[in-house]
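Reading through the structure tokens given below for one structure.
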Amino acid sequence: MSSQHPSPPQEDTWPGRRLGLPSDGPRSVARFGRRLLALLIDFAIAMLLSYVFFDYQYWASTLIFAVTQIGFLMLLSGGIGHVCVGVRVVPLRGGWIGVWRPIVRTVVLLLVLPALIWDADQRGLHDKAAGTVLVRI
């Protein structure tokens with residue numbers, strides 16, 4: 001006599017589901033590949049500007065990266081790299097990202113380690129601290 005136990009239904013899960021975001025397409029959570037490419041573009045621009053204007057100084061690269069991140073996040077909801085790969089940083093509650101969120105997000109991002117720690121929605125600690133999420137456009 002064999003007893004068959006029905007398996008419990010699998011709940012569909014994806015990054016951003018708990019936040020009310022779709023699984024794919026516009027407004028879905030940006031995945032790792034886009035995030036990494038955007039970061040590499042932004043760092044490359046900062047390093048290039050540092051090389052041109054400061055004979056490549058580490059402090060200058062870091063400062064240029066921070067200033068461009070904060071400025072472009074406030075103006076375009078994303079750094080140059082974000083814009084290039086089709087993602088934006090948006091507040092969880094919607095609306096304009098404001099001034100404080102880009103500052104907090106960038107300062108925590110510069111600590112590096114918090115950006116490597118993600119939750120189930122693929123939000124790094126820098127996004128959690130700023131109350132933001134990186135989404136596709």
**Request:** Scan (1) assigned to a loop (DSSP other than H, G, I, E, B); (2) farther than 23 Å from Asp24 by Cβ; (3) modelled with pLDDT of 95 or more for the single condition Ala66 breaks and write down its number.
**Result:** (1)
**Asked** Quick one: which helices (runs of 4 or more DSSP H) sit completely within the stretch 83-137 and have at least 3 residues that are buried (at least 20 other Cβ atoms within 10 Å of the Cβ) and among the hydroxyl-bearing types (Ser, Thr, Tyr)?
**Response** none
**Pair list, Cβ under 9 Å, 6 or more apart: the stretch 15-30 residue in contact (Cβ under 8 Å) with a residue 40 or more places away in the chain and surrounded by 12 or more Cβ atoms within 10 Å (Cβ to Cβ), other residue among the basic types (Lys, Arg) and part of a loop (DSSP other than H, G, I, E, B)** = Pro15/Arg31; Pro15/Arg123; Gly16/Arg27; Gly16/Arg123; Leu19/Arg123; Leu21/Arg27; Val29/Arg123
**Item:** Considering residues of the stretch 31-63 that are in a helix (DSSP H, G or I) and hydroxyl-bearing (Ser, Thr, Tyr) only, the residue surrounded by the fewest Cβ atoms within 10 Å (Cβ to Cβ)
**Value:** Tyr58
**Request:** Tell me which of these Leu73 doesn't satisfy, since it passes every other one: (1) aliphatic (A, V, I, L, M); (2) buried (at least 16 other Cβ atoms within 10 Å of the Cβ); (3) over 17 Å from the mean Cα position of the chain (by Cα).
**Result:** (3)
**Message:** If the requirement is being within 11 Å of the chain's Cα centre (by Cα) and either at pLDDT below 95 or of a type in the set (Val, Ile, Thr) (or both), which of these qualifies: Val104, Val90?
**Reply:** Val90
**Gly78 vs. criteria within 29 Å of Gly20 (Cβ to Cβ) and either surrounded by 16 or more Cβ atoms within 10 Å (Cβ to Cβ) or in contact (Cβ under 8 Å) with a residue 40 or more places away in the chain (or both)** = yes
**Prompt:** For the subset of the stretch 107-137 comprising residues that are β-branched (Val, Ile, Thr) and touching a Gly at 6+ places or on another chain (Cβ under 9 Å), which member is farthest from Leu19 (Cα to Cα)?
**Reply:** Val108
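To keep it simple, each residue is scored yes or no on (1) over 30 Å from Trp59 (Cβ atoms); (2) at pLDDT 95 or above; (3) over 13 Å from the mean Cα position of the chain (by Cα).
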residue	(1), (2), (3)
His5	yes, no, yes
Asp24	yes, no, yes
Phe32	no, no, no
Leu37	no, yes, no
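The values are calculated or read from the model by the stated rules, or taken from the named source; none is laboratory data. Since the model is a prediction, treat every value here as computed from it, not as a measurement. Here the Cβ is made from the backbone with ideal geometry for all residues, glycine too, and neighbour counts use every protein chain on show.
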